[in-house]
Every structure is written in C-alpha cells, then in structure tokens.
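The values are calculated or read from the model by the stated rules, or taken from the named source; none is laboratory data. Remember, predicted model here, so these are calculated numbers, not experimental data. Note: ideal-geometry Cβ built from the backbone for every residue, glycine included; neighbour counts use all protein chains shown.
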Amino acid sequence: MPATPDDLFEGLAAGREEAFAALYDAYGARLFAAACVMLGSREEAEDAVQDVFVGLVRARERLRHIENLKAYLFASLRYAAIHRMRRAKALQFDTAEVAMPAADAGPDAEISRRLDRALRRLPREQREVIALHVDAGLTFAEVAAVLDLSANTAASRYRYAMEKLREAMKEPDRGPV
Amino acid sequence: MDPFDLPRELRDLERRLAARGRPEPSADLRPRVLAAVRRELAARPALTQWVWGGFWQYAAAAAAGLLLVLNLLMSMGNRSDFPVSRAANGADVQQAAAMICELVSFITPEEAAREALLLRAGSHLEMVPQPRPGVTGLRALRQIEEGPPWVTQ
C-alpha cells in the first residue's frame, strides 16, 4: 500500500498499476465478500469486483476530488451489483448459490449455510446494508455514505434487516434458494 | 430507541453472521482484475498525458484546419458574384432608361433610370398571393384560381 492516501490517489490518477494492485490487496477480499451477499453468486461477485476496478481506471482523473475512497469503492460495487442483478433479471438466469469455504463442516457450518440462505431471501436494500456493515466491515457512517443516507437511517435499516433475518432464521429451512 | 443499539438477540445474530464462513475470492481474481486494469489503462491513456503528449500534433492539426478554412473563405470571396453594384449601372438598365425617355418625353433622366431599375427588379420577381396566417390565409390560397390580390415580394 502506498505510504499515504495522497500517494495512493496520485498513483491511481497517474494510472500506475501498482496503485491499483495495492487497492485490490487492501479491499479486494471485502469487496468480494460484500458482492457475494449482494449477488448470491461467486462468478457474478468476481465480475462485479472487476467492474469496480475497470470503473476506477475510467474515473481516475476525478479520484482526487473524492473524500472517502472506501465509501466510493463500495458505492461503485453497489452500482455494479445492481447493474448485474438487472441484467440477470432481464436475461432470466438464476444466480448459483455461493459455495461455502471447504473447511466449514459441522453444526456451525450448517448455521452459516442457513444464515446465507436466509440472507438471500431478504430484499436487496436489506441485503446491501448487512453486506456493507457485516461482510465489508464498514461503520454506519461509511454505510450511510455508500447508500447516500444519514447514519441514523443506515442504522435503522440495518436493525430492520437484522430483525427480518432473525424471523427468516426462525422459519423452517427450505434448502437452497 | 437508539438505532445504533441492537437488542441482545440481534447482537447474537450479528456475531454469528460475522463469524460465519465467508467465501474468499479465487486466487486468479487478482491477476484477472489487474489484467483488466492494464487493458483499460492501455485503451484509455490519461487525459493530461494525451493533451501534453500530443500537444504538437494538436497544434499542427489546428493550424492545418485554420489554413484550410482561410483558403476556402478566400476562394469563395474571389468566385462570388456580386451583381448589385453592376446592375445599378448595367448596360441593360441604361438602355431601358433611354427607351423610357424616348417613349415618355416629359420624364427626367433620373426618373427614367429609376423606372428602368424598378422594371429590371420586377423582371426577376414572381407573382405570389399575399400569405396571411390562419383561415384567412388558407382561404386566400384556395382563391388563387379566382384571382386573389397579387403582390410582388
């Protein structure tokens, strides 16, 4: 990672590949995890992450004006995910279930699988807020910046989404969505 | 109710959610993303790089364009036919004025020249009905055959 955020912005604006690599190393895994929850498909999530970086290259001249790069990245991811969901809906193909890590087994793994399935049943807005806060590790202020809401509204939406998730977990498991 | 404070049950659920196994990106995602970045960088060099790198090319193209426009303008100026001044003193006008003077003995030469100019101008005009907006205008157009008031324009 470049020494300072200014160095990183400088590298991105100048189109230096190592700056993009550093950014991927810092945020790639979290972007992917959030994209998996938003899209419910590994392949689509990987494509969405790629879309984010290609979009960054295209917008690199304007990156110096961005105050919060992390919020900008996840907002880009959200747009990429929405675009992919609309395309999937238009093409009428179902997204495959996200494969869990191979090491997972036992009762905890089963709960994780149920949680993932319950997450996929939530509406997009609720899935997004959980993906951003839990999977991407964003604070409510950052989630609010990504979703263009106030921090209070982001927190309320998160709480509502968690309540819905709890209700979904109480229902009998209907297997993969 | 503070939206930032979750009840205990939801806190537990949040903990389980955070602890669940999350999918990791495949090992080839990083090279794939960076290859896409490289392709995009090659396809879209930075604007500043383009402006400064191609400054002389840009200046040369602008100068060539300017010369072409000037050349076209000069060419148009040289080939343009401005009949107005010639028409005022043209031989045909003078001839017509002389004929008017012969036919109308009391007319002054200046008046004859004026009449000749008017005649010449009139010779290039076509009779058209006076266009009027609305129903009146339409009616006037329908009355062409019946002999509407003719004007010269």
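Six or more apart or on different chains, Cβ atoms under 7 Å: show the pairs whose first residue is in segment A:24-40 and among the hydroxyl-bearing types (Ser, Thr, Tyr) and whose second is not in a helix (DSSP H, G or I).
none
Sort out which residues of segment A:7-46 are of a type in the set (Phe, Trp, Tyr) and either in contact with an Asp or Glu (Cβ under 7 Å, 6 or more places away or on another chain) or within 25 Å of A:ALA161 (Cα to Cα) (or both), and write them in order of number.
Listed by number, the residues that qualify are A:TYR27, A:PHE32.
Give just the number: which of (1) loosely packed, with under 14 Cβ neighbours inside 10 Å; (2) closer than 16 Å to B:GLU14 by Cα; (3) out of contact with any Lys or Arg (no Cβ under 7 Å at 6 or more places or on another chain) does A:LEU165 not satisfy?
(1)
Could you tell me how many of the residues in segment A:40-74 are outside any helix (DSSP H, G or I) and polar (S, T, N, Q)?
The number of residues fulfilling the criteria is 2.
Inside segment A:56-75, can you point out the residues that are within 10 Å of chain B (Cβ to nearest Cβ) and either crowded, with 17+ Cβ neighbours inside 10 Å or over 24 Å from B:ALA43 (Cβ atoms) (or both)?
Result: A:LEU56, A:VAL57, A:ARG60.
How many residues does segment A:28-47 contain that are over 18 Å from A:VAL134 (Cβ atoms), more than 7 Å from every other protein chain (Cβ to nearest Cβ) and modelled with pLDDT of 90 or more?
Qualifying residue count for the region: 3.
List pairs: first residue in segment A:70-93 and more than 20 Å from A:VAL57 (Cα to Cα), second residue at pLDDT below 90 and of a type in the set (Val, Ile, Thr) anywhere in the structure, Cβ distance under 9 angstrom, at least six positions apart or on different chains.
A:MET85/A:THR95; A:ALA88/A:THR95
Does B:GLU111 satisfy the criteria of being modelled with pLDDT under 90 and either outside any helix (DSSP H, G or I) or on the phi > 0 side of the Ramachandran plot (or both)?
Here the answer is no, as B:GLU111 does not meet what is asked.
Within the bounds of segment B:47-59, is there any residue that is at pLDDT below 85 and facing another protein chain (nearest Cβ under 7 Å)?
Our first condition is that a residue be at pLDDT below 85; within segment B:47-59, this holds for B:47-58.
Next, from what is left, pick out any that are facing another protein chain (nearest Cβ under 7 Å): B:47.
Within segment B:47-59, one or more residues are at pLDDT below 85 and facing another protein chain (nearest Cβ under 7 Å).
Please work out which residue is farthest from the other protein chains (Cβ to nearest Cβ), limiting yourself to segment B:21-39 and to residues that are outside any loop (DSSP other than H, G, I, E, B) and among the small types (Gly, Ala, Ser).
B:ALA35
For A:ARG124, all conditions in the list (1) closer than 23 Å to B:GLU24 by Cα; (2) modelled with pLDDT under 85 hold save one; what is the number of the exception?
Unmet condition: (2).
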